[in-house]
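Visitor: Provided herewith is a single structure, encoded as structure tokens, for subsequent inquiry.
The values are calculated or read from the model by the stated rules, or taken from the named source; none is laboratory data. All figures in this text were calculated on a predicted structure; none of them were measured in a lab. Please note: Cβ atoms are built from the backbone with ideal geometry, for glycine as well, and neighbour counts cover all protein chains shown.
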Amino acid sequence: MQAFGYFYAMPTPSLQMVDLQGQHARLQPELDAALAQVMAHGQFIRGPEVEALAQELAHYLGVAHVIPCGNGTDALQLALMALDLPRGGEVIMPAFNYIATAEAAALLGLRPVFVDIDPATFQLDVAKVADALTDNTVAIMPVHLFGQCVEMGPLLQLARQRGLYVVEDAAQAIGATCRLPAGNAKQAGTMGHLGTTSFFPSKNLGCLGDGGAVFTDDPQLAERVRLLANHGQPQKYQHTLIGLNSRLDTLQAAVLRVKLRHLPAFTEARQVAAQRYDALLGGLKRLTLPAPSAHSTHVFHQYTVRVPMRAPLRQFLQERGIPTMIYYPMPLHLQPAFAYLGHRPGDFPVAEQACLEVLSLPMHTELTPAQQHYLADCLDAALKEQYV
């Protein structure tokens, strides 16, 4: 690592958590052409680019059906609605996660059942899922957090044995592959009965607003999702189901088609940046780097470290122009919205400890070596000066 003082003699490299401006500048000619085509034909709702995106993304993922929708939360809700689960049914999910997964279940009258996480990878602890099963369990919702997959082999086997549905939340892991016991590998979101993703702008495959999609190999589930996302209508003014109005705008589909062509390169750029972080930060005391999973590739939606006494370190970095984020500061079982479930501090100790220690560093496709060296030097100084 270069000396700390060197970077004070140089202009501070501009750092962002996500540099969409830089990414879009590189893609500007392609984006302009795609958007101009939509403006020319004027089919802003359900235009041809939406179906083209669905087919191209299905090919990329190796799944039979992709149904674009309004956002990632809608995708979760549509997937659960398509299964027609009984009200009061229990849905197992991780305690350490964004609220959308639990929110989608609760809105449908289902009961979120939280499970603790693996302390190294932050993924759902599959070994603890069996203990959470009851006669009321109807589904399991693994969340592929930060860019790598839950250990899906034993989870899928457990679901088959108990007759449970599996709905994957792959919003942070599109492009990651999971190694299954048979020796084959499948993409995140394509292993359960249904998978979902978000196209929120900061995601690895993001649009210029909100967007999402549902994946499945089951043609009947795919048809139900299509109906549910479009007011439950197989044709205009004929409604066979009570559904939602959740459509991906044509302009967003056009943007996503451009970005999908670059997704392998985006993934490689993130992986290279993560390797550079590993090399720069690996020797720093009291800093725990992201642990690679033995059964998944990592696409690094986030590069999340652990550090005790996190607040002084964040302040130190902020004063030097380095942004950080906390994903997530409070586990789901302690959120006021889920107080009705009756959980208390200590119920899921691994998730609770993670919420006190996790810190996500800048991670995106435009991250430069100079920026990462500067960040690493500042982290080194902070730790040596006992800011944490």
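Visitor: Restricting attention to segment 11-21, and to residues there that are surrounded by fewer than 17 Cβ atoms within 10 Å (Cβ to Cβ) and farther than 13 Å from Pro201 by Cβ, which single residue is modelled with the lowest pLDDT?
Guide: Taking segment 11-21 first, the residues surrounded by fewer than 17 Cβ atoms within 10 Å (Cβ to Cβ) are 11-12, 14, 16-17, 20-21.
Cutting the leftovers down to farther than 13 Å from Pro201 by Cβ gives us 11-12, 14.
Values: Pro11: 46, Thr12: 53, Ser14: 85.
Checked segment 11-21; the qualifying residue modelled with the lowest pLDDT is Pro11.
Visitor: Tell me whether segment 215-229 contains one or more residues that are touching a strand residue (DSSP E or B) at 6+ places or on another chain (Cβ under 6 Å), closer than 19 Å to Gln148 by Cα and modelled with pLDDT of 95 or more.
Guide: yes
Results for (1) over 18 Å from Glu168 (Cα atoms); (2) in contact (Cβ under 8 Å) with a residue 40 or more places away in the chain; (3) surrounded by fewer than 21 Cβ atoms within 10 Å (Cβ to Cβ); (4) under 25 Å from the mean Cα position of the chain (by Cα), shown as yes or no for each residue.
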{"residue": "Pro201", "(1), (2), (3), (4)": "yes, yes, yes, yes"}
{"residue": "Asn204", "(1), (2), (3), (4)": "no, yes, no, yes"}
{"residue": "Leu208", "(1), (2), (3), (4)": "yes, yes, yes, yes"}
{"residue": "Leu228", "(1), (2), (3), (4)": "yes, yes, no, yes"}
{"residue": "Gly232", "(1), (2), (3), (4)": "yes, no, yes, no"}
{"residue": "Lys236", "(1), (2), (3), (4)": "yes, no, yes, no"}
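Visitor: Something else about it: In segment 284-299, is there at least one residue being under 24 Å from Glu352 (Cα atoms), over 23 Å from the mean Cα position of the chain (by Cα) and among the basic types (Lys, Arg)?
Guide: Checking segment 284-299: at least one residue is under 24 Å from Glu352 (Cα atoms), over 23 Å from the mean Cα position of the chain (by Cα) and among the basic types (Lys, Arg).
Visitor: For residues in segment 238-271 being among the polar types (S, T, N, Q), over 30 Å from Ala291 (Cα atoms) and in a helix (DSSP H, G or I), which is farthest from the chain's Cα centre (by Cα)?
Guide: Pass one, segment 238-271, residues among the polar types (S, T, N, Q): 238, 240, 245-246, 250, 252, 267, 271.
With the extra rule that they be over 30 Å from Ala291 (Cα atoms), the set shrinks to 238, 240, 245-246, 250, 252.
With the extra rule that they be in a helix (DSSP H, G or I), the set shrinks to 250, 252.
Numbers: Thr250: 23, Gln252: 19 Å.
Checking each candidate, the answer is Thr250.
Visitor: Would you confirm whether or not segment 63-83 contains a residue that is assigned to a helix (DSSP H, G or I) and farther than 19 Å from His193 by Cα? Steps first, please.
Guide: Of the residues in segment 63-83, the ones assigned to a helix (DSSP H, G or I) are 72-83.
Cutting the leftovers down to farther than 19 Å from His193 by Cα gives us none.
Checked against the condition, which is being assigned to a helix (DSSP H, G or I) and farther than 19 Å from His193 by Cα, segment 63-83 yields no hits at all.
Visitor: Pick out, from segment 124-231, the strands (runs of 3 or more DSSP E) lying fully within it that include 1 or more residues that are in the same structural domain as Leu78 (by TED's automatic domain parsing) and hydroxyl-bearing (Ser, Thr, Tyr). Even if it seems obvious, please write down each step before you answer.
Guide: Working: elements: 137-140, 165-169, 177-179, 185-187, 194-198, 212-216.
Counting at least 1 such residues, we get 137-140, 165-169, 177-179, 194-198, 212-216.
Visitor: Just checking: which of the helices (runs of 4 or more DSSP H) contained wholly in segment 272-388 hold 1 or more residues that are touching a Lys or Arg at 6+ places or on another chain (Cβ under 6 Å), in contact (Cβ under 8 Å) with a residue 12 or more places away in the chain and acidic (Asp, Glu)?
Guide: Values: elements: 310-319, 349-357, 369-384.
Fully inside segment 272-388 and qualifying: 349-357.
Visitor: Look through Leu205, Leu180, Leu145, Leu194 and report the one residue that is under 20 Å from Ala95 (Cα atoms) and out of contact with any His (no Cβ under 6 Å at 6 or more places or on another chain).
Guide: Details: Leu205 fails: under 20 Å from Ala95 (Cα atoms); Leu180 fails: under 20 Å from Ala95 (Cα atoms); Leu194 fails: under 20 Å from Ala95 (Cα atoms).
Criteria check complete, one pass: Leu145.
Visitor: Quick one: which of Leu53, Leu133, Leu76, Leu85 is more than 19 Å from Val150 (Cα to Cα) and touching a helix residue (DSSP H, G or I) at 6+ places or on another chain (Cβ under 8 Å)?
Guide: On the way: Leu133 fails: more than 19 Å from Val150 (Cα to Cα); Leu76 fails: more than 19 Å from Val150 (Cα to Cα); Leu85 fails: touching a helix residue (DSSP H, G or I) at 6+ places or on another chain (Cβ under 8 Å).
Matching residue, one of Leu53, Leu133, Leu76, Leu85: Leu53.
Visitor: To continue, here is another question. Can you tell me how many residues within segment 52-96 are free of Cβ contacts under 8 Å to residues at least 60 places away in the same chain and small (Gly, Ala, Ser)?
Guide: Total meeting the criteria: 2.
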